[in-house]
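A.B. asks: Shown below is the structure under consideration.
The values are calculated or read from the model by the stated rules, or taken from the named source; none is laboratory data. Quick caveat, the model's predicted, so the values are computed rather than measured. Quick reminder, even Gly has a Cβ in these numbers, built from the backbone with ideal geometry, and neighbours come from all protein chains shown.
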Amino acid sequence: MIIKQMPVGQMAVFCYIVGCAETLACVLIDPAGSEDQILRVLSRKKLQTRYIINTHGHPDHTCGNQMIQEGTGAKIVMHEADARMFDTPGARIMAQQMGFRPSPPVDWAVRDGDRIAFGRETLQVIHTPGHTPGGICLYGRGNLFTGDTLFVGAAGRTDLPGGSLDVLLQSFREKILTLPDDTVIRPGHDYGDRPTSTIGREKKTNPYFTDF
């Protein structure tokens with residue numbers, strides 16, 4: 001599996017290029033700005049983008065969807081709960097007021113357990129609400145792409161509309177802490193002491209696991 005982590009856009013979101021080494025089919029997780037840079041990397045590596053996957057619907061994570069879709073023809077994927085919540089006139093106006101380009105409509109509204117295939121690779125959708133109602137993590141080959149659900153040493157805020165600390169902690173208990181300790185955490189921002197971690201390390205050091 002090809003994995004490239006790229007900080008992009010004004011909010012320094014981690015965008016991930018995840019590809020199949022055999023077929024060069026790939027997906028983009030949270031292309032949140034720096035679209036020209038992302039497209040250059042795809043072209044240089046001769047990768048063919050099948051899907052744009054948003055870990056949640058906040059505009060800082062979806063603002064690159066339109067330009068990337070226009071440049072690649074990829075389909076936009078988001079959990080159905082966030083697809084409904086953020087595909088409204090009010091949400092689009094708010095994104096523009098915050099300085100972000102609104103996303104085009106979602107092409108595939110996924111649910112927990114869905115599998116996103118590209119070439120010979122697959123990412124499993126794990127619904128982890130709490131930061132937003134439709135927040136997801138993506139699991140494949142021992143890697144967990146967590147978006148704003150889980151950071152290195154921290155977790156996503158829950159004080160925005162649709163957020164809930166109780167729901168987020170339930171997501172941790174039922175969906176994330178059940179994964180193997182050597183699972184590599186690949187977060188949506190570089191807020192910790194390193195850009196990646198593991199489930200085992202977070203169990204020992206992350207206050208959302210140790211204190212709650």
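A.B. asks: If you check I3 against the conditions, is it in contact with a strand residue (DSSP E or B) (Cβ under 7 Å, 6 or more places away or on another chain) and either assigned to a helix (DSSP H, G or I) or within 23 Å of P105 (Cβ to Cβ) (or both)?
C.D. replies: No, not satisfied.
A.B. asks: Exactly one condition in (1) touching a strand residue (DSSP E or B) at 6+ places or on another chain (Cβ under 7 Å); (2) within 19 Å of M6 (Cα to Cα) is false for L179; which is it?
C.D. replies: Among (1) touching a strand residue (DSSP E or B) at 6+ places or on another chain (Cβ under 7 Å); (2) within 19 Å of M6 (Cα to Cα), L179 violates only (2).
A.B. asks: OK, next. Tell me which residues, restricted to segment 73-91, are assigned to a helix (DSSP H, G or I) and surrounded by 15 or more Cβ atoms within 10 Å (Cβ to Cβ). Reasoning before the result, please.
C.D. replies: Pass one, segment 73-91, residues assigned to a helix (DSSP H, G or I): 80-86, 89-91.
Passing the criteria: E80, A81, D82, A83, R84, M85, F86, A91.
A.B. asks: What pairs come up if the first residue lies in segment 16-32 and is within 11 Å of T122 (Cα to Cα), the second is part of a loop (DSSP other than H, G, I, E, B) and basic (K, R), and their beta carbons are under 8 Å apart, counting only those six or more places apart or on different chains?
C.D. replies: Once the first residue is within 11 Å of T122 (Cα to Cα) and sits in segment 16-32, its partners that are part of a loop (DSSP other than H, G, I, E, B) and basic (K, R) give G19/K45; C20/R120.
A.B. asks: Checking L160 against (1) modelled with pLDDT under 95; (2) among the aliphatic types (A, V, I, L, M); (3) within 25 Å of S34 (Cα to Cα), which test does it fail?
C.D. replies: If we test L160 against (1) modelled with pLDDT under 95; (2) among the aliphatic types (A, V, I, L, M); (3) within 25 Å of S34 (Cα to Cα), just (3) comes out false.
A.B. asks: Hey, could you check segment 22-53 for residues that are assigned to a strand (DSSP E or B) and closer than 21 Å to P195 by Cβ and say which is farthest from the chain's Cα centre (by Cα)? Walk me through it before giving the result.
C.D. replies: Start the filter on segment 22-53 by keeping residues that are assigned to a strand (DSSP E or B), which leaves 25-29, 48-53.
Narrowing the set further to residues that are closer than 21 Å to P195 by Cβ leaves 26-29, 53.
Numbers: C26: 14, V27: 11, L28: 9, I29: 5, I53: 7 Å.
Checking each candidate, the answer is C26.
A.B. asks: Shifting gears a bit: Just one of (1) among the charged types (D, E, K, R); (2) within 22 Å of G9 (Cβ to Cβ); (3) part of a helix (DSSP H, G or I) trips up D166, so point out which.
C.D. replies: (2)
A.B. asks: Now for a different question. Pairs under 9 Å by beta carbon, first residue closer than 14 Å to H189 by Cα and buried (at least 22 other Cβ atoms within 10 Å of the Cβ) in segment 43-72, partner at pLDDT 95 or above and among the basic types (K, R), six or more apart or different chains?
C.D. replies: That search, which allows pairs on different chains as well, returns nothing.
A.B. asks: Moving on. From (1) of a type outside the set (A, V, I, L, M, F, W, C); (2) buried (at least 22 other Cβ atoms within 10 Å of the Cβ); (3) closer than 20 Å to I185 by Cβ; (4) within 14 Å of the chain's Cα centre (by Cα), pick out the condition that doesn't hold for G19.
C.D. replies: (4)
A.B. asks: Something else: Could you list all residues from segment 169-198 that are over 17 Å from the mean Cα position of the chain (by Cα) and assigned to a helix (DSSP H, G or I)?
C.D. replies: Passing the criteria: L169, Q170, R173, E174.
A.B. asks: Quickly run through segment 92-131 and pick out the residues that are assigned to a loop (DSSP other than H, G, I, E, B), surrounded by 13 or more Cβ atoms within 10 Å (Cβ to Cβ), of a type outside the set (S, T, Y) and at pLDDT 95 or above.
C.D. replies: Within segment 92-131, V106, D107, D112, D114, G119, P129, G130, H131 meet the criteria.
A.B. asks: How many of the residues making up segment 195-207 are surrounded by fewer than 18 Cβ atoms within 10 Å (Cβ to Cβ) and in contact with a Leu (Cβ under 9 Å, 6 or more places away or on another chain)?
C.D. replies: Looking only at that region, the number is 1.
A.B. asks: Go through the residues of segment 177-194 one by one and say whether even a single one is modelled with pLDDT under 95 and either buried (at least 17 other Cβ atoms within 10 Å of the Cβ) or in contact with a Lys or Arg (Cβ under 6 Å, 6 or more places away or on another chain) (or both).
C.D. replies: Within segment 177-194, one or more residues are modelled with pLDDT under 95 and either buried (at least 17 other Cβ atoms within 10 Å of the Cβ) or in contact with a Lys or Arg (Cβ under 6 Å, 6 or more places away or on another chain) (or both).
A.B. asks: Which of the residues that make up segment 88-116 are over 16 Å from the mean Cα position of the chain (by Cα) and aliphatic (A, V, I, L, M)?
C.D. replies: A91, I93, M94, A95, M98, listed by residue number.
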